[in-house]
Each structure stands twice: as C-alpha cells, then as structure tokens.
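Taking it in order: structure first as structure tokens, then the write-up.
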Amino acid sequence: MSFILNLETATKNCSVAVAENGVTVALHEYAGENYSHAEKLHVFIETALKEANITYKDLSAIAVSMGPGSYTGLRIGVSAAKGLCYALNIPLIAIDTLEALANKLSLADTDGVIVPLLDARRMEVYSAVFDANHKKVRDTKAEIITEESFNDIESPIYLLGDGAEKCRELLNSDKFIYSPELLYPSAGEMSALSYNKHKKSDTVDVAYFEPFYLKDFIVNRKVS
C-alpha cells in the first residue's frame, strides 16, 4: 500500500491531495484572486491527512508540481515538500504542471491534441502539446500567442487553462475547442502520475531539486 501526498501550488489554485495507490482519497483546494498559498497549504495538508485517516508517518513519498507557473507559488510548494521529505526521510517526486493540467481533459474516442496554457502575462503563455493519451508531443515553452500559433497542427486542438481565454480572439477557427471551466491544475490529477513515478523510483534529489521556472524572475521596481 502506497500513500502519496501531492502538492500543487504553481497557479492561483492551492491544492493538496492524498492518494492511495494512485487514487485520490482526499482533496482540498482553493483558487482565489490573491495568492494565499503560504497561509492555506499546511492547513490543507493537515486536513487532507485527517480525512484520509492517516498520519505523516504513513506517507511513502511527497509529490510536488514542478512548474512552470508562479515563481512564488512554486517556491512555497517546493519548500514545503522538501521540508517534509527531510523530516520523514521519504522521496520527492516532481510532476510536470502542464501534464497535470492536461490530465483534467479526457479525449477518449476523440481525435485531437490537448494544449494546456498557463497565463504568463500579456499575450504570453506557458504551453505544451499532448496527444489524446496525455503523452507529451511538444516540449514546454513560453510563447507569445499570434494568429499563426499552432498552425502546424491540423487535428482539433483542445485548449484549457487560465491562459486559454485570452487566445479566443486570435485562435478562433473551428479547430480550436475551449474548455473555460478547466482553469487550473489540481493535485487530484497528480495522484496517478506520482504513483506511476513512485513505482519506477522516478524521484528527484531533495537537496538539489529546483522548480522549472522557465523564465527568470523579474522584480518590477518603481522609478522615483
């Protein structure tokens, strides 16, 4: 039996899930306009463990969303995951944020590709392309959306994430299908992904692991 604690903090959604053998048994999350991860994350962890009727000592591993996403959000999630792994002497598993987001959409018996898009300000997004089986077929990158974006893909393109809505005006042909209700990745979709990695001992070094920021963190300073 394997219990894994999954932490997703890469976006406005602060999300925690406890999974037993890859199946989510407890999920607590909140997506607000203001990032409140620092206040909510550890409360959600305690609540999820209690709901799953286990303690920290029952955990086999900690999984954390690795990015891309919010610099601050990623730091909070990774710091919490590392601290727990050190204290409990259990492995750390890193999950691709866009892969978790893509797994919110099922394309069973449907042609097409899934393109999760996370808002990176203005017309820039973090994106990747996955096939109907959630296998990544184009690497993650930061890109500026134009009318020519994804012109190389002829099949239906299913767009989701908080970066998708701002693409509607430019990406408006019939091949683009939007899922406006699927805004943020969730720890619930991490459960199966982290369990599969755990079975293969696909873990990261707790001491040296860093989130996948994709872009450098920029501090905007007021000019006096």
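The values are calculated or read from the model by the stated rules, or taken from the named source; none is laboratory data. Keep in mind it's a predicted model, so treat the numbers as computed, not measured. Here the Cβ positions follow ideal geometry from the backbone for every residue, glycine too, while neighbour counts run over all protein chains shown.
Within the stretch 2-41, the set of residues being out of contact with any strand residue (DSSP E or B) (no Cβ under 7 Å at 6 or more places or on another chain) and loosely packed, with under 15 Cβ neighbours inside 10 Å comprises VAL23, GLY32, GLU33, ASN34, GLU39. Restricting attention to the stretch 36-67, which residues are out of contact with any helix residue (DSSP H, G or I) (no Cβ under 6 Å at 6 or more places or on another chain) and closer than 21 Å to PRO116 by Cα? Of everything in the stretch 36-67, just one residue is out of contact with any helix residue (DSSP H, G or I) (no Cβ under 6 Å at 6 or more places or on another chain) and closer than 21 Å to PRO116 by Cα, namely MET66. Restricting the stretch 151-210 to residues that are surrounded by 12 or more Cβ atoms within 10 Å (Cβ to Cβ) and among the aromatic types (Phe, Trp, Tyr) leaves a set whose member that is farthest from GLY73 (Cα to Cα) is PHE176. Criterion first (within 13 Å of the chain's Cα centre (by Cα), more than 15 Å from ALA94 (Cβ to Cβ) and part of a loop (DSSP other than H, G, I, E, B)) does LEU171 satisfy it? Spelling it out, it is not the case that LEU171 is within 13 Å of the chain's Cα centre (by Cα), more than 15 Å from ALA94 (Cβ to Cβ) and part of a loop (DSSP other than H, G, I, E, B). Tell me, which residue of the stretch 83-127 that is assigned to a strand (DSSP E or B) and of a type in the set (Val, Ile, Thr) is farthest from ASN151 (Cα to Cα)? Out of the qualifying residues, it is ILE93. Within the stretch 27-71, being at pLDDT 95 or above, acidic (Asp, Glu) and farther than 21 Å from ALA94 by Cβ holds for GLU46, GLU51, ASP58. Considering each residue of the stretch 129-141 in turn, none proves to be over 18 Å from the mean Cα position of the chain (by Cα) and assigned to a strand (DSSP E or B).
Only a single criterion out of (1) out of contact with any Lys or Arg (no Cβ under 6 Å at 6 or more places or on another chain); (2) surrounded by 15 or more Cβ atoms within 10 Å (Cβ to Cβ) is not satisfied by VAL129, namely (1).
Listed by first and then second residue, the pairs with beta-carbon distance under 7 Å, at least 6 apart or on different chains, first residue in the stretch 34-61 and closer than 25 Å to LYS200 by Cα, second of a type outside the set (Gly, Ala, Ser) and part of a loop (DSSP other than H, G, I, E, B), are LEU49/THR55; LEU59/ILE90; SER60/ILE90; ALA61/ILE90; ALA61/PRO91.
Quick one: which of TYR195, TYR208 is of a type outside the set (Asp, Glu) and assigned to a helix (DSSP H, G or I)? Give the steps one after another, and end with the answer.
Numbers: TYR208 fails: assigned to a helix (DSSP H, G or I).
None of the other options fit; the residue is TYR195.
Do we find that ALA63 is in contact with a strand residue (DSSP E or B) (Cβ under 7 Å, 6 or more places away or on another chain), surrounded by 24 or more Cβ atoms within 10 Å (Cβ to Cβ) and in a loop (DSSP other than H, G, I, E, B) in this structure?
Numbers: in contact with a strand residue (DSSP E or B) (Cβ under 7 Å, 6 or more places away or on another chain): yes; surrounded by 24 or more Cβ atoms within 10 Å (Cβ to Cβ): yes; in a loop (DSSP other than H, G, I, E, B): no.
So ALA63 does not fit the description; no.
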